[in-house]
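The values are calculated or read from the model by the stated rules, or taken from the named source; none is laboratory data. As the structure is a prediction and not an experimental result, all values here were calculated from the model. Backbone-built Cβ (ideal geometry, glycine too); neighbour counts: all protein chains shown. The area values use the complete protein model at the heavy-atom level, side chains included, leaving out ligands, DNA and RNA. Shrake-Rupley method; radii C 1.70, N 1.55, O 1.52, S 1.80 Å.
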Amino acid sequence: MDDISPRSGMVRKRTSIEDFECPICGQVFCTPVTTPCGHTFCKPCLSVWVFEMDSSTCPSCRGALDSAVLSNIDKAADDSVRAAFPEEWKARMTLACEEANKVWAEQLPFLLCDDFECSKMARGLESINQQNQSLARSCPRVVCSMLTIPRKWFLPPSVRPRAYQGAPVRLETLRFNVSAPEVYGHALELLDLQPGLSFLDIGSGCGLLTCLAAALVSPGGRALGVDIRETAVTFARSNLERARALLGERIGSSLLGATALE
Ligand SMILES: [Zn+2]
Ligand SMILES: [Zn+2]
């Protein structure tokens, strides 16, 4: 029941139910993550805050925050909430699963599920397949990687609403296109990437293909993006950094990042 605040180093007891409530959803923690400033939130709640709202400050104190915080699962808080308030925790998890199912079509399953092959993944595949026949033709591994790695987070916020319209997206300021989802699916299907292989993505643009490849060659493989345009490399690096924060070990050492072509 102890919680060590990273800032103060003080140990304070969590005792009442309020101590286990996420300031964003007002319910008990579901997969809690604790920020460097010492505030705790549900991982799904904070993921939406960081990525959907594009915020880089803590919702509670406005302290600096980056996406790496999402890999900071607070095991102690998680154990405590389960033990102290099992009914509330169960209700919160059920709600979180319902929410996750709703956003399946939006490709956000990783908010809760860390298992590539889990049953939630299978249900998600089913719903995606009904909506997108061209994606349905792809092999399950390719579809899994595409479901797990959201295309919209490789686009600038202003064009994210167009992420799943099945068409290429023009990035005017960066002066390149991000191809349609099915182009990625088709290319990856033909490449048939297997764990342990090395993949060099020449002209890596936004970094999405590099990231998808990293998931497919993992474990044991390597994926590196290379681009001649410095602005593209900078953009890809920040996209890959947050993908790494979210996907953690799933792509871990396989994702080498993006680099400029010398
Ligand atoms: Zn919450
Ligand atoms: Zn804070």
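Report yes if R175 is touching a strand residue (DSSP E or B) at 6+ places or on another chain (Cβ under 6 Å) and at pLDDT 50 or above, otherwise no. No: the conditions fail for R175.
Could you tell me whether the range 84-98 includes any residue that is at pLDDT 90 or above, within 13 Å of ligand 2 (Cβ to nearest atom) and either outside any loop (DSSP other than H, G, I, E, B) or not assigned by TED's automatic domain parsing to the domain that holds M146 (or both)?
Quick first cut of the range 84-98, residues at pLDDT 90 or above only: 84-89.
Filter again for within 13 Å of ligand 2 (Cβ to nearest atom), leaving none.
No - not one qualifying residue is present in the range 84-98.
If I ask for residues that are hydroxyl-bearing (S, T, Y) and either open to solvent by 20 Å² or more (accessible area, probe 1.4 Å) or modelled with pLDDT of 70 or more (or both), which ones from the range 126-167 would you list? Steps first, answer last, please.
Step one: filter the range 126-167 for residues hydroxyl-bearing (S, T, Y), giving 127, 134, 138, 145, 148, 158, 164.
S127, S134, S145, S158, Y164 - these are the residues of the range 126-167 that are hydroxyl-bearing (S, T, Y) and either open to solvent by 20 Å² or more (accessible area, probe 1.4 Å) or modelled with pLDDT of 70 or more (or both).
Each row is one residue, and each column tells you yes or no for (1) within 13 Å of ligand 2 (Cβ to nearest atom); (2) out of contact with any Ser or Thr (no Cβ under 8 Å at 6 or more places or on another chain).
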{"site": "G26", "(1), (2)": "no, yes"}
{"site": "V33", "(1), (2)": "yes, no"}
{"site": "F41", "(1), (2)": "yes, no"}
{"site": "P44", "(1), (2)": "no, no"}
{"site": "V48", "(1), (2)": "no, yes"}
{"site": "S55", "(1), (2)": "yes, yes"}
{"site": "C58", "(1), (2)": "yes, no"}
{"site": "C61", "(1), (2)": "yes, yes"}
{"site": "V69", "(1), (2)": "yes, no"}
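Run down T35, T57 and say which single residue is surrounded by fewer than 19 Cβ atoms within 10 Å (Cβ to Cβ) and among the hydroxyl-bearing types (S, T, Y). None of the other options fit; the residue is T57.
Report, by residue number, each residue of the range 31-83 that is within 16 Å of ligand 1 (Cβ to nearest atom) and assigned to a strand (DSSP E or B).
In the first step, residues of the range 31-83 are kept if they are within 16 Å of ligand 1 (Cβ to nearest atom); the result is 31-35, 39-53, 55, 58-60, 65, 69-70, 72-74, 77-78, 80-82.
P32, V33, T34, T40, F41, C42, I73 - these are the residues of the range 31-83 that are within 16 Å of ligand 1 (Cβ to nearest atom) and assigned to a strand (DSSP E or B).
Have a look at D74, D78, D54, D114 and point out the one that is at pLDDT 65 or above, under 24 Å from R237 (Cα atoms) and among the acidic types (D, E).
Working: D74 fails: under 24 Å from R237 (Cα atoms); D78 fails: under 24 Å from R237 (Cα atoms); D114 fails: at pLDDT 65 or above.
Within the list D74, D78, D54, D114, the selection yields D54.
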